[in-house]
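The values are calculated or read from the model by the stated rules, or taken from the named source; none is laboratory data. Please read these numbers as outputs of a predicted model, since none were measured by experiment. Cβ placement follows ideal geometry from the backbone for every residue including glycine, while neighbour counts extend to all protein chains displayed.
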Amino acid sequence: MAASMTTTAPTAVRRESRLRENIRLVLSYALLFLIALVFLYPFVLAISTSFKTLPEINERPVALIPQTFTLEGYQRMFALNVGRWAFNSFFIATTVTVSNVLFSALAGYSLTRIAFPGSRFVFLAIIGTMMIPGIVQLIPMFIVLKTLGMIDSYTGLIIPKMVTAFGIFLMAQFFEAIPREIEEAARIDGAGRFRMFFQIVLPLARPAIVALVIFSFQGSWNEFMHPLIVITTNQDLYTLPLGLAFLRGGLGQNLQWNALLAGSMLTTVPMATIFFFFQRYFIEGISYSGVKG
Amino acid sequence: MATGIKQQDRQDAIAGWLFMTPALFLFAFFVFIPIFFAIYFSFTDWNGISPPTEARFIGAENFRVLLLEDGIRRADFFKALKNTAYFSLGVVPMQTALALLLAVVVNQRRLRFKSFFRTAYYFPSITSSIAISMLFLFLYQRNGLVNQVLQAITFGLWQPIAWMADPRGLFHIIFGWFGLTLETAPDWMRANVLSLPVWDWISGPSVALMGIMLLNTWTTIGTMMVIFLAALQDVPREVYEAAEIDGANSRQVFFGVTLPLLRPTLFFVVTLGLIGTFQVFDQVYVMSAGGPAKTTLTVAYLVYRNGFTNSQMGLAAAIALLLFIIIFTLTLVQRRITEGKKE
Amino acid sequence: MKAKHFALLTLLLAVALLLAACPAQPVAPAAPAAAEQPAAPGVINLQLMGWASSDAENVRLQEVVDGWNAANPDIQVTLNLVPDYDTKLQTSLAGGAPPDIFYVDSFRLPDLVAAGALLPIGDQMTDVDDFYPSLREAFTVDNVFYCPPKDFATLALEYNTDLFDAAGLAYPTADWTWDDLRAAAEALTDKDAGVVGFAINPDFARWIAFLYQAGGEVTTPDFSAMTLNTPEALTAMEFYVGLVRDGFAAPASDLDSGWPGEAFGKGRAAMTMEGNWIVPYLKDQFPNLKYGITELPSGPAGKATMAFTVCYGVAANGRNTEAATKVVDYLTGPVGMKAWTDLGLAMPTRQSLREGWLTMYPELEPMLSGAEYARKWQFRPGFADVLDTINSGLQEAFGGLKTPQQVLEEAQAVGEQVLAR
C-alpha cells in the first residue's frame, strides 16, 4: 500500500485525508491480525495447557504460560501407547497415499488418454460415486469387511481406501490437458502404453500428483469414521484420531485435559509440520480440485 | 495400415482395461457392492448382532416407521433432520460469506504479510476433526476461553454458560425476550407435525449445536477461502483496472465485477458445504454424543447410534438411504439453480 | 533422482500389495488366531472382553486372571479392556469372532438375550443360591438365569465433611428424609463461592432411585404397561428437578466437571449420589478430600436405591463355551470373587463373602446395606429409547424448557411403544 501513498501534497486537506487513510490502514491490519489470532490462538492455548498440571488447569483454564511445567499429560499419552497409534496413522496414511496416487493415475490415464470401449460409462459410474455420502457406506462397508474377514486388521483399514473417485477425477482432469502429440512421438519410437505412461505422462503430471499426495495423506491421517467401524477390539491398531476420540470415555469420567490436549497436539503437529514445509502445494492443490476444471 | 490401426485399437482396449483393473476391483468391492447391501438391508430387520444371513426381509417397514408412523423412531429421525438442517443453514452461508470476504482481502495486490494471513486462516483446515473437537470442548467449558472472551468484550454482561450442555434453542431464547415461551405459546405451536411439536420445529439450533457450528465454520473457512483465491487469481487484472478507470469504489468493484465472475465457484463452494454439513459426525461423536436433550443429534450420528449401538442395523441403513436421497435432491436443486443463473 | 523416486514408490507399493495379499492378520493375536498357535498344543485360549476402568481396577483384574492362567495351563485367558464398549461388543458379536467371555451390564442384558447372543450359564455356577437374589434377578429374563454377576455397586449419599462443618450442619444419616436433604442442600449452597449443595446429573439412572423412594414404578411387574405417568412419579420428578431449578443442586457441566464425582472432589458440591466407583476415584484424584458416605434418604414411600451390576456373559456362538463357562465359574466363585472384590472397588455378589468384606471395608457399609433394598437396573429389550427420552427430558426440565409432567408424559408414550414392539 505504501507505494501508492508516496505522492506528497502539502495542503492541510491532503494531510488530513492521508491521516485518515493511515488510520484506516492500521485498523485494517489490526483486524486482519485479530482474525489470524482467532484462528491460531486456540492452538497456542492447547499447547500451553498440555504442559500444565490438572489442578492448574482447573484454577486458570485460560492462562497462557504454565506456572508449573509438567510432562504429565504426555506421559499419560505415551503410557496409553500413543506411539503405536502414531505409527499406525503414519503407516496407513503412507500406504493409502502411495496406492491411491498410483491407482488413480493409472485409472485416470486409461479413462482419458485411451479411449477404450466402455471407458465413458466407467468414468461416469466412478465419478457418480463421489455423490454418495460416507455415512451411507458405513453399514455396508462394515458388512463387506466382516464377510472378507478384514475387521480388526490393517488390511481392513487400508485396502478400501486404496483408490478414491476424487483421485481418479483429479488425475483425469490433469491428463486431459496434456497434448496428445507427446504420446504420438513415443508411439512412433515403438513405446507401449506402459512405457508411455510411466516414462512420459506420469512425470509430466507432477503437480497433480503432489496435490493428490497431499490430499490423500491429509485425508487418511485425519480419517475417523472408517477406523471407527473397522477396529473393534484390537487396540494395537488404533490410529491417532481413533485413540484420541476414545480417551473421552477411557480416562475415567474425569476430564484430564492435559492428556487430552497433549493427544490432540500429537495428532496435529505432524500434519502441521508437513503443512509448513509444503504450504505452497497445499494451496496449489486445492486449486486443482475441480475449480479450474 | 488398416490392420495396424485395428491391432493398435485392440492393444489399447487391453491396456485400458488393464490400467483400470485395480481401481475397478476396489470400487466393485468397497463401493458398488456395499451400495447394493445398503439398499438390501434397509428392507430387513437386521439387528447387527446375529449373522446378517438371519436378517428378515420386512419390505418397506423401516421406511414406514421412519416416515409414516407416529412414534419415537419418526420423532428421532425428524429431530435429527431438523438439527442437521439448522446446522447446514447456519454454517453454509456463514462460512461461504466469511471465506469469500477473507479471500478478497487476502488477494489484494498491495497487501503485506499476505502469505502469513493466508497460512494462518488456512491452518485449522488441515487438522484432525477429532483433535479440534477435543480442543473446542476445552474452550467451551463454563470457565473456558470462549466464555471469558465474551465476558471481556461485553464488559462482564455475558453470563458464562456450559456450551455443550445447553439445550436451549436460539429462536426459543429470542422468543423468550418477547415473552413467548412454551407456556404462553398459542395452541397451534403445541400441535404435533411429523411427531414433533411445532414449538420444537422452530427452536432454532441449540446452544450446544451452535458450538459445533462455530467450530465447523472455523475449520472450513480456510479451505473455502483457498478455493475462492484460486478463482480470484484467474480474474484478469485488466477487468479491475477498467473498473477503476470508470471510477468504481471497492464496494462497487466487489458487487459489480468480482462477485459475478465468481458465481461458478460460489456455487461449487455452497454445494461442497451442503454435502459436508449434511454428514457432520466426528464432532458430534466427540463433543456431545447427540446430547444435550438430543439437540445435537444429526442424521449421520443417528445412523451410527441406531446401527452400531442400539442394534437396529436395518433401520439405520434405511435412515442412511433417506439421507442419501436428501443430499442427492439438494445437489440437483443446487445444480438447477447454477444453470439457471448462468443464462 | 527420478529413478530413485520411482524405486521408492515401487517399494511402498510392493509393501501395500503384500499387505493386501495376506489375509486379516492382526498384530496382537486375537483369541481365535491364538488358539491355532502350534507352540502349545491342546491349550485353549480365551478372550475376556470388558471396559476399561480405573487403573487400580484394571490391574487387579489382570492379577486375578493371571492367577487363573498360572493354575490352569490348559486354558489361558487374555484380558482385553476396550473403550466405547457397547458398540465394540455389538460389532465383535456381529463380526463372527466374538470374545469368549464379556461383561454384560444388566441394562443391556435383555437386548443381548433377544438377539440370541448369550449362552445361559447362570445355573451351572457353583452354589447358585449364594448370589444375592436381587442380583440374580438382574440377569434373569423369562426365568432363565443367564450369567453370574461379577460384582455390584449401589448408590449412596456422599458428603463433604469440611463443607458440612463450615456450615455448622450435622452430617447426613441413614434416616434422613427428602426434606432433610433439601434443607441441607439449601444451607450448603454458596452462589458466590460457586458451590452447590448437591451434584446430580440429568440421568435416569439417578432419578429412578427417587422414583422408587416415592413409591413409583417404571412398569408393571410383568412389563405389560408403563407406569411413569403417575402422581408418585411426578412427586419424584418435581423433587429432583426442583432441587436444580431452585439452585440447590446442579449438574456436573455447570460445575466445570465431567461427572458429579469430579465436582464433588473439587469441592464444588457438598453432596452427591454415586456408587462404589467414586471411592477409588476420589482416593486417586482428590486424596485430601474429607468425606463420608451414608445411605440415600427416604422418600414418601421409604428407602430405595439402585444396584448396578455386571455379569460375565459367554457368547452363544463362541468356540470354547465349555472352557469359558469354567473360567466364569472361577471368577464368580468364592475364591475368584474374593480375590477380585478384596480390593474394595466393588462388592462381592455372594452373601457368604459379605462379613469378610465388611471387616475389611467398614466405611463402605452403607453401600453394602443398600443391597437389602436395592432395585435392579434391568427392563425390556429396546429400553435404551426410554432411557434416552428421560435423560433428554430431565436435561430440558433442568433448564426450565419442559415441566416434569411433560417429561413423564413423553417417557410414558415412548415406553408404551417399546413394550408394544
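Of C:Glu372, C:Glu363, C:Glu409, C:Glu396, all but one fail to be out of contact with any Leu (no Cβ under 9 Å at 6 or more places or on another chain), part of a helix (DSSP H, G or I) and surrounded by fewer than 21 Cβ atoms within 10 Å (Cβ to Cβ); the exception is C:Glu363.
Inspection of the range C:173-182 identifies at least one residue that is touching an Asp or Glu at 6+ places or on another chain (Cβ under 6 Å) and either more than 22 Å from C:Thr349 (Cα to Cα) or outside the structural domain of C:Gly258 (by TED's automatic domain parsing) (or both). All conditions in (1) part of a loop (DSSP other than H, G, I, E, B); (2) in contact (Cβ under 8 Å) with a residue 60 or more places away in the chain hold for B:Met224, with the sole exception of (1).
Let's see how each residue does on (1) in contact (Cβ under 8 Å) with a residue 60 or more places away in the chain; (2) more than 8 Å from every other protein chain (Cβ to nearest Cβ):
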residue: B:Gln108; (1), (2): no, yes
residue: B:Leu111; (1), (2): no, no
residue: B:Lys114; (1), (2): no, yes
residue: B:Thr119; (1), (2): no, no
residue: B:Thr127; (1), (2): yes, no
residue: B:Met134; (1), (2): yes, no
residue: B:Gln141; (1), (2): no, no
residue: B:Gln151; (1), (2): no, yes
residue: B:Gly156; (1), (2): no, yes
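Every listed requirement among (1) facing another protein chain (nearest Cβ under 9 Å); (2) of a type outside the set (Lys, Arg); (3) under 28 Å from B:Thr277 (Cβ atoms) is met by B:Leu81 save one, (1). A:Val210 fulfils the conditions (1) among the hydrophobic types (A, V, I, L, M, F, W, C); (2) touching a Phe, Trp or Tyr at 6+ places or on another chain (Cβ under 7 Å); (3) more than 13 Å from chain C (Cβ to nearest Cβ); (4) surrounded by fewer than 20 Cβ atoms within 10 Å (Cβ to Cβ) except for a single criterion, (3).
Matching residues to (1) of a type in the set (S, T, N, Q); (2) closer than 30 Å to C:Arg245 by Cβ; (3) in contact with a Lys or Arg (Cβ under 8 Å, 6 or more places away or on another chain):
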{"site": "C:Ala323", "(1), (2), (3)": "no, no, no"}
{"site": "C:Lys338", "(1), (2), (3)": "no, no, no"}
{"site": "C:Ser352", "(1), (2), (3)": "yes, no, no"}
{"site": "C:Met360", "(1), (2), (3)": "no, no, no"}
{"site": "C:Glu365", "(1), (2), (3)": "no, no, no"}
{"site": "C:Gly370", "(1), (2), (3)": "no, yes, no"}
{"site": "C:Phe398", "(1), (2), (3)": "no, yes, yes"}
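Quick one: in the range C:286-323, of everything that is β-branched (Val, Ile, Thr) and closer than 20 Å to C:Val218 by Cα, which residue is nearest to the chain's Cα centre (by Cα)? Only one residue tops the list, namely C:Thr309.
Take the residues in the range A:151-177 that are over 17 Å from A:Val101 (Cβ atoms) and among the hydrophobic types (A, V, I, L, M, F, W, C), then tell me which one is nearest to the other protein chains (Cβ to nearest Cβ). Even if it seems obvious, please write down each step before you answer.
The first filter runs over the range A:151-177 and keeps only residues over 17 Å from A:Val101 (Cβ atoms), leaving A:151-157, A:176-177.
Then keep just the ones that are among the hydrophobic types (A, V, I, L, M, F, W, C); that gives A:151, A:157, A:177.
Working: A:Ile151: 5, A:Leu157: 10, A:Ala177: 15 Å.
Among those residues, the one meeting the criterion is A:Ile151.
When A:Pro117, A:Pro61, A:Pro55 are screened for being on the phi < 0 side of the Ramachandran plot, buried (at least 21 other Cβ atoms within 10 Å of the Cβ) and modelled with pLDDT under 90, only A:Pro61 passes.
Does C:Ala97 satisfy being closer than 24 Å to C:Pro297 by Cα and touching a helix residue (DSSP H, G or I) at 6+ places or on another chain (Cβ under 9 Å)? Talk me through it step by step, then tell me what you get.
Working: closer than 24 Å to C:Pro297 by Cα: no; touching a helix residue (DSSP H, G or I) at 6+ places or on another chain (Cβ under 9 Å): yes.
No: the conditions fail for C:Ala97.
Scanning the range B:311-334 for residues that are part of a helix (DSSP H, G or I) and within 30 Å of C:Ala114 (Cα to Cα) gives B:Met313, B:Gly314, B:Leu315, B:Ala316, B:Ala317, B:Ala318, B:Ile319, B:Ala320, B:Leu321, B:Leu322, B:Leu323. Selection of the range A:130-150 for residues being surrounded by fewer than 18 Cβ atoms within 10 Å (Cβ to Cβ), of a type outside the set (A, V, I, L, M) and facing another protein chain (nearest Cβ under 7 Å) yields A:Gly134, A:Gly149.
Answer with yes or no whether C:Lys283 is within 21 Å of the chain's Cα centre (by Cα), charged (D, E, K, R) and surrounded by fewer than 24 Cβ atoms within 10 Å (Cβ to Cβ). Yes. For the residues B:Pro197, B:Pro264, the requirement of being free of Cβ contacts under 8 Å to residues at least 60 places away in the same chain, in contact with a Lys or Arg (Cβ under 9 Å, 6 or more places away or on another chain) and within 14 Å of another protein chain (Cβ to nearest Cβ) singles out B:Pro197. Within the range A:133-146, is there a residue that is within 30 Å of A:Gln235 (Cα to Cα) and not in a helix (DSSP H, G or I)? Checking the range A:133-146: at least one residue is within 30 Å of A:Gln235 (Cα to Cα) and not in a helix (DSSP H, G or I). Residues in the range A:95-140 that are without any contact (Cβ under 8 Å) to a residue 60 or more places away in the chain and of a type outside the set (Gly, Ala, Ser): 20 in all.
Can you find a residue in the range C:79-94 that is surrounded by fewer than 24 Cβ atoms within 10 Å (Cβ to Cβ), touching a residue at least 60 places away in the same chain (Cβ under 8 Å) and farther than 26 Å from C:Lys326 by Cβ? No, the range C:79-94 contains no residue that is surrounded by fewer than 24 Cβ atoms within 10 Å (Cβ to Cβ), touching a residue at least 60 places away in the same chain (Cβ under 8 Å) and farther than 26 Å from C:Lys326 by Cβ.
If I ask for residues that are buried (at least 22 other Cβ atoms within 10 Å of the Cβ) and touching a residue at least 24 places away in the same chain (Cβ under 8 Å), which ones from the range C:375-390 would you list? Within the range C:375-390, C:Phe383, C:Val386, C:Thr389, C:Ile390 meet the criteria. On inspection, B:Met225 passes the criterion of being surrounded by 23 or more Cβ atoms within 10 Å (Cβ to Cβ) and in the same structural domain as B:Phe116 (by TED's automatic domain parsing). Restricted to helices (runs of 4 or more DSSP H) entirely inside the range B:61-148, those with at least 3 residues that are over 30 Å from B:Ala191 (Cα atoms) are B:72-106, B:114-122, B:129-139. Look at (1) under 33 Å from the mean Cα position of the chain (by Cα); (2) within 11 Å of chain A (Cβ to nearest Cβ); (3) closer than 28 Å to C:Leu112 by Cβ; (4) at pLDDT below 90 and you find that C:Ala35 fails only one, number (2).
Going by the conditions given, is B:Phe155 over 16 Å from C:Gln406 (Cβ atoms), assigned to a helix (DSSP H, G or I), among the aromatic types (Phe, Trp, Tyr) and out of contact with any Cys (no Cβ under 9 Å at 6 or more places or on another chain)? Considered against the rule, which asks whether it is over 16 Å from C:Gln406 (Cβ atoms), assigned to a helix (DSSP H, G or I), among the aromatic types (Phe, Trp, Tyr) and out of contact with any Cys (no Cβ under 9 Å at 6 or more places or on another chain), B:Phe155 comes out as no. For the range A:179-213, which positions are under 16 Å from A:Ala107 (Cβ atoms) and not in a helix (DSSP H, G or I)? Within the range A:179-213, just A:Ala205 meets the criteria. Here B:Val193 passes the criteria (1) outside the structural domain of B:Ala80 (by TED's automatic domain parsing); (2) under 24 Å from the mean Cα position of the chain (by Cα); (3) not aromatic (Phe, Trp, Tyr) except the one numbered (2). Within the range A:76-90, residues that are among the small types (Gly, Ala, Ser) sit with their Cβ atoms under 8 Å from residues that are assigned to a loop (DSSP other than H, G, I, E, B), at 6+ positions apart or across chains, in these pairs: A:Ser89/A:Thr239.
Which residues, counting only those in the range B:158-179, are within 11 Å of another protein chain (Cβ to nearest Cβ) and in a helix (DSSP H, G or I)? Across the range B:158-179, the qualifying residues are B:Trp163, B:Met164, B:Ala165, B:His172, B:Ile173, B:Gly176.
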